[in-house]
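Worksheet: the structure to be examined is printed underneath.
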Amino acid sequence: MRVKSTWHKTQVKTIDEIAGALAFNSWRITKNQLTDLINKAYVIEKEQVFDVIREYMCYLIQCVDRLSYDILDQKKRQELIIAMAKQSADYYHENKSERIGEGKHWHEFIDTYNMRSKDYSDYEFSDGAPNYLFMRYFGEKVQKAMTEVDEKWIIQQIVEIQAPKAFEAIQKSVNTLVAVDQIVSKEEQIKRIKNKIPRSKRKSTRQDHIYKNESSSDHLL
């Protein structure tokens, strides 16, 4: 599934389109973060990978929620986060089914998201970014998915390096994807399309026809 990661700011986009692009970018950011951890010699076993992925995706959704606070009204913001969580669950389910096996992975992700969403509400952003406690909570959840040999070091790694880096990446996506000319619901977009006048039936705004008639009148006189 290919999703645009950027578009012209003059375009009108739906909540679902923006949520889809943000979910795709969050998945890509998470994969890059896992590669970083592995390259730094952190051990993440096969059965642990998706536990870490789940925590990363929940963290990034929460960051989007805070970043969109001053950009969208409450209704659109809520619609965006719900749509992003559902589409993130789709990515999670599809990939875990392929690599681990069939299961209720979609519901597993949503259940975790609901719990994390409640807990993250106790933590704040400072100066437009997640504060220490916000990132430490994220680190503590990742820690539970790590091997015992690495778990005592992972929180520091997350708080000082991984969490800020992941935030910067998703912040860039939000600034690019949400800052369009207008954001509408899917229903509004369908209504716009139905009410749109076909180009062939639009009135001409050209003035040369008027000038041509005036010229002809002068000639006849």
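Which pairs turn up if I take residues in region 23-51 that are over 16 Å from E108 (Cβ atoms) and look for partners that are modelled with pLDDT under 95 and of a type in the set (F, W, Y) with beta carbon separation below 9 Å, at least 6 apart in sequence or on another chain?
The qualifying pairs are D36/Y42; Y42/W153.
How many residues are in contact with a Phe, Trp or Tyr (Cβ under 8 Å, 6 or more places away or on another chain) and in a loop (DSSP other than H, G, I, E, B) if we restrict to region 123-133?
The qualifying residues number 3.
The values are calculated or read from the model by the stated rules, or taken from the named source; none is laboratory data. None of these values were measured; they are calculated from a predicted model. Here the Cβ is made from the backbone with ideal geometry for all residues, glycine too, and neighbour counts use every protein chain on show.
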